[in-house]
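Read the structure below first, then the notes.
The values are calculated or read from the model by the stated rules, or taken from the named source; none is laboratory data. Worth saying up front: this structure is predicted, and the values here are computed from it rather than measured. Reconstructed Cβ throughout: ideal geometry from the backbone, glycine too, with neighbour counts over all protein chains shown.
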């Protein structure tokens, strides 16, 4: 395989596969790292069992670490939890060690809004300077991995952790897929009274941010919130999803306290919190750090996803490629 300078871990996953495809289309020297090495990627093995990072990092300048255990329903099973920490924490440490040994210059780590907590209801949006207070094992693993990555900055590895909210796009799974199915079901939904604010991130906007970050010689910040320019309410999101699919949404009002009461009786409080609660990120820092990153609104991204056309064209990405290559390689 031809040597390349940008490695995308988790390249068979929802985010990693998209980034690999788009950065290749933009002309960047990029390859993927996966467990099995399928589709011309490099094989690292099981991240929970002594991953072979060093053999995957030959000739690499920058690693974008997307691989993680996510969207897996966690129980109290000790083995499940142990595996989560091995993949999301221990494998990050061994990756950073391998980066130093193999002369990798930069590491981008995809983290999560969950390092802050689960809600911004009755408080201001999460900022990078806020104290971290994860409330589940997934959030805890991301917090611990961030701390590990940050520690390598003093050893000569340039690092940046991108804190992401729910990411959506073609082939999205987990919570966004559930909401999409609900929006397209044609069922009457008691959501019209909800006026919440939730940050989301399109794959399209994440690609733009990553491309801009790769073009920078030095990263001034080690932690950056990345989200679509404005938050959106769940009812508006349901309407947009239906609209882009040529469907009509059927929302009717129900007092939000009644929704919470019904959820409590059914032991489904977490579901209603995701539908009615706030989870908003302050993105002023990314506008300061990457002022040339032109991010599209959630509505625009949903429309372009449906039509299969990218408003952030590959022409714009290729235009930046010459700057990346001249400044970095």
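Cβ contacts < 6 Å: first residue at positive phi and part of a loop (DSSP other than H, G, I, E, B), restricted to segment 42-53; second residue surrounded by fewer than 21 Cβ atoms within 10 Å (Cβ to Cβ) and modelled with pLDDT of 95 or more, any location; separation 6+ or different chain. Result?
So the pair list comes out as 45/52.
Would you check if there is a residue in segment 89-101 being farther than 26 Å from residue 136 by Cβ and at pLDDT below 95?
Taking segment 89-101 first, the residues farther than 26 Å from residue 136 by Cβ are 97-101.
Adding the requirement that they be at pLDDT below 95 leaves none.
Within segment 89-101 (the criterion being farther than 26 Å from residue 136 by Cβ and at pLDDT below 95), the answer is no, since none of the residues qualifies.
Is at least one residue of segment 175-193 buried (at least 21 other Cβ atoms within 10 Å of the Cβ), part of a strand (DSSP E or B) and in contact with a helix residue (DSSP H, G or I) (Cβ under 6 Å, 6 or more places away or on another chain)? First the steps, then the outcome.
Residues of segment 175-193 that are buried (at least 21 other Cβ atoms within 10 Å of the Cβ), as a first pass: 183, 191.
Subset that is part of a strand (DSSP E or B): none.
Within segment 175-193 (the criterion being buried (at least 21 other Cβ atoms within 10 Å of the Cβ), part of a strand (DSSP E or B) and in contact with a helix residue (DSSP H, G or I) (Cβ under 6 Å, 6 or more places away or on another chain)), the answer is no, since none of the residues qualifies.
Going through 139, 117 one at a time, which residue ends up being touching a strand residue (DSSP E or B) at 6+ places or on another chain (Cβ under 9 Å), surrounded by fewer than 19 Cβ atoms within 10 Å (Cβ to Cβ) and closer than 27 Å to residue 271 by Cα?
Working: 139 fails: surrounded by fewer than 19 Cβ atoms within 10 Å (Cβ to Cβ).
It is 117.
For the condition surrounded by fewer than 19 Cβ atoms within 10 Å (Cβ to Cβ) and more than 16 Å from residue 158 (Cβ to Cβ), what is the one hit in 26, 43? Break it down into steps so the answer makes sense when it comes.
Values: 26 fails: surrounded by fewer than 19 Cβ atoms within 10 Å (Cβ to Cβ).
Criteria check complete, one pass: 43.
Any idea which of 289, 276, 263 is buried (at least 17 other Cβ atoms within 10 Å of the Cβ), modelled with pLDDT of 90 or more and in contact with a helix residue (DSSP H, G or I) (Cβ under 8 Å, 6 or more places away or on another chain)? I'd like the intermediate steps shown before the answer.
On the way: 289 fails: in contact with a helix residue (DSSP H, G or I) (Cβ under 8 Å, 6 or more places away or on another chain); 263 fails: modelled with pLDDT of 90 or more.
From the options 289, 276, 263, the qualifying one is 276.
Looking at this structure, is residue 25 modelled with pLDDT under 95, touching a helix residue (DSSP H, G or I) at 6+ places or on another chain (Cβ under 9 Å) and at negative phi?
On the way: modelled with pLDDT under 95: yes; touching a helix residue (DSSP H, G or I) at 6+ places or on another chain (Cβ under 9 Å): yes; at negative phi: yes.
It is true that residue 25 is modelled with pLDDT under 95, touching a helix residue (DSSP H, G or I) at 6+ places or on another chain (Cβ under 9 Å) and at negative phi.
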